[in-house]
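Since the structure comes first, as C-alpha cells, the remarks are kept for the end.
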Amino acid sequence: MLKMIKVIKMIKSSRSRLSARPFRSFLAPAVALASLALVTAPALAQAEEEMEIDFSQFQLPPGPKPLSEGWDAGALTPEAIEKANAALKALVKAHQDAPAIQNKVVFTTRHALGEQSDTLDASFGSGDTFRLSGGPMTLTSADESIFLEIAGNKRKFLKVPVKESALATLKEVLPSPLPFPLIELRKGLSGDALIEGFSLGGMLNDLKVVGLRQVDGADRVLMKGSNGDAEVAIDPKTGLAKSIMAVFSPEGAPPGMTVALDIDLGPTVMSALPSPITAPEAQGRMIVATIQDLMMPVAIGEPAVEFALMDTEGRKITSADLKGQVVVLDFWATWCAPCQMALPKLNEFAQWAAASGKPIKVFGVDVWERVEASERQAFAKKFWDQKGFSFATLVDESDELIGGYGFQGIPVTVVIGPDGNVAAVHQGFDPEMVETLKRDVEKALAKTPAAG
C-alpha cells in the first residue's frame, strides 16, 4: 500500500518534463481509501516517483489521544470482551438479514495539520450484488462479475469474473483493501477475517477486541492494535454498524504523531433498493481485466473523448462543433507549478496558431481544482483574467474529460486531428513545447484529405 505520509510528484524522464498530481490528502490511505479513485493509486506507481517527506525534522503539535484513554477499566474486563464478541456476532447477523442496505459513508481525517473529509455511497442488494461509488470511480458486483468504471471514460471499463466469491475476487482486483468492513459484514465473515476488516485497510496492526461499553444506549466495541485503536458503534435500532472511530500512528510518522479517522457509515435498512444493482452496459466500451489497463491513458490514433464544456466567459464549446479542425487541449490547474510554466508557452503557440490562419483551435482545460464544482468557473476565470492569456480555457467541473482520457498528472496536452482522433499527447512541461506543437499540428493538417 502507499506510504502514509508523502507527496506524490511525477517526474517524466523525457526532456526533463515535470508534471504534478492533485495533493488530495496529507494522509494518503486514510482518506485515499475513502475514495475508489485513490484506492487505485498504487496501480499508477509505475508512472511516478514518490518523494517522501521526513517529518522528524519538524516540530509538529501532538495529535489526537488514543480512544482507549476514555474507557473505564470495567469496560475492558474478560467479561466485557466476551460481550463485545457477542455484539459483533449479532452485528454480522443484522447485516446479513437486512433485505437491502444503503450507506452514505462520510470519512473525516483529523491530524495536527488540519482536517479533511470525503464521501462514498454504498448499496447492498440480494446475494453478491453491491455497488460502491466514490470520487470518479464506481465499483459494482453483479451478474457474477466485478466491474470498475471511471466517470467520463467512454473507452473502457474493467470486468473480472467472480471466482470463489465477490469479496475474494475484489481483494484480487483492488491493490489495497477498503477501509471499512461493510462487504465483510454483509457476507457474514467472522473471527480474525472480520476483525481484519476493521483495520482501516491495514493501517491498524495486530488488531484485537479488548472491550465493550454503552453510550446513549448503543453498544461500542473497542479494538486495539500495536499502533492505535478503533471504536465501533452499533446502531441500536437497526443493529447495523453506525460508525468507526480510530486513532493511530501512521507508518513513517515521527514518534508521538497520531491521526484520527472518523467514519460515519450512515446505514439505512430497506425492503428493496430504489433501483436494482445491475451490471453496467458496455455502450461501445472495451473490456479490460486489470486496473493497470483501465488507468492506461488514451493512445495515439484512438478517438478523442467527446465533450461539451463552458469556457470562463460562459460560452459552450463542444467537440462536435470543432470537427474538421485541429484541436489542442491543455489540461491545467491553478495549484500546479509545472502548469504555470507551461501556460505561457501554450499562449505563445496559440498566438502563432491564430496568426497562421489555419484551422487550429487551442483551449486550456481547468481540472482538479480544490473548490466546489459550482465555484470552478469563477475561480478559473479570475486566474485566467489575471494572466491575460489570449486563448480561452474550458472548465471541466466534473473532471470527467480528463478522467475519460485516463491521465493522472498535469500539465498534459492533447492534439486532436481533423478526423476526431488523438494525433499527439505530451505529458508534463516541455520547454520546447511551442515548436513541438507546431510540428504536431502541421502533421495532423497534412493528413487531412483534400477537399473536392
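The values are calculated or read from the model by the stated rules, or taken from the named source; none is laboratory data. These figures come from a predicted structure and were not determined experimentally. All Cβ positions, glycine included, derive from the backbone under ideal geometry; neighbour counts span all protein chains shown. Just the protein is used for accessible areas: all its heavy atoms, side chains included, with ligands, DNA and RNA removed. Shrake-Rupley method; radii C 1.70, N 1.55, O 1.52, S 1.80 Å.
Taking amide H positions as modeled 1.01 Å from N, with prolines and chain starts lacking one, the residues under 5 Å from VAL412 and 5 or more places away or on another chain are PHE331, GLY428. Partners of LYS381 within straight-line reach, counting aspartates and glutamates whose Cα lies under 12 Å from its Cα and excluding those fewer than 8 residues away in the same chain: ASP311, GLU313, ASP366. Scaled to the globular estimate 2.2 N^0.38 Å, the Cα spread of region 245-374, given as radius of gyration, is 1.61. A Förster distance of 35 Å, applied to the separation of the beta-carbon atoms of GLU432 and ASP206, puts the FRET efficiency at 0.05.
If the Kirkwood radius is taken over C-alpha pairs of region 304-344, then at 25 °C and 0.890 mPa s the Stokes-Einstein diffusion coefficient equals 203 µm²/s. Sparse packing (at most 11 other Cβ atoms within 10 Å of the Cβ) combined with a DSSP loop state is found for the following GluC sites (Glu not before Pro) in region 157-266: GLU164. Within the straight-line cut-off of under 20 Å between alpha carbons, the lysines reachable from LYS159 are LYS171, sequence neighbours fewer than 8 places apart in one chain being disregarded.
For the pair GLU372 and GLU69, label points projected 7 Å from Cα toward Cβ lie 3.6 nm apart.
Backbone geometry of region 305-322 corresponds, through the Karplus equation with coefficients 6.51, -1.76 and 1.60 at θ = phi - 60°, to 3J(HN,Hα) couplings of 6, 6, 8, 9, 10, 8, 8, 6, 9, x, 8, 8, 10, 10, 5, 5, 6, 9 Hz, x marking Gly and Pro. Multiplying the residue separation of ASP216 and MET310 by 0.36 nm and removing their Cα-Cα distance gives an extension gain of 28.8 nm. Restricting region 206-242 to trypsin sites (Lys or Arg not before Pro) that sit in a DSSP loop and have at most 11 other Cβ atoms within 10 Å of their own Cβ leaves LYS237.
Scaled against 2.2 N^0.38 Å for its residue count N, the alpha carbon radius of gyration of region 349-452 is 1.18. Its alpha carbons give region 300-412 an Rg and a Dmax of 13.4, 38 Å. Karplus-derived 3J(HN,Hα) values for region 224-241, using 6.51 cos²θ - 1.76 cosθ + 1.60 with θ = phi - 60°, are 10, x, 6, 10, x, 9, 9, 10, 9, 9, 10, 5, x, 7, 9, x, 8, 5 Hz; glycine and proline are entered as x. Within the straight-line cut-off of under 21 Å between alpha carbons, the lysines reachable from LYS224 are LYS65, LYS83, LYS89, LYS208, LYS242, sequence neighbours fewer than 8 places apart in one chain being disregarded. Rounded to the nearest 0.05, the FRET efficiency derived from the C-beta distance between ASN421 and GLU281 at R0 = 35 Å is 0.90. With one equal scatterer per alpha carbon and no solvent term, the Debye-computed log10 I(q)/I(0) for region 270-344 at 0.11, 0.12, 0.19, 0.25 1/Å reads -0.57, -0.66, -1.13, -1.25.
Summarising the amide proton neighbourhood of ASP219: residues at separation of 5 or more, or on other chains, whose placed amide H is nearer than 5 Å comprise ILE234. Hydrodynamic analysis of region 107-147 uses the Kirkwood radius over alpha carbon pairs. Inserted into Stokes-Einstein at 4 °C and 1.567 mPa s, it gives a translational diffusion coefficient of 108 µm²/s.
Of all accessible surface on region 337-452 at a 1.4 Å probe, what whole percent is carbon and sulfur?
The computed percentage sits at 51.
A viscosity of 1.306 mPa s and a temperature of 10 °C, combined with the Kirkwood radius over C-alpha pairs in the Stokes-Einstein formula, give region 130-235 a diffusion coefficient of 102 µm²/s.
Expressed as a fraction of 2.2 N^0.38 Å, the C-alpha radius of gyration for region 336-389 is 1.29.
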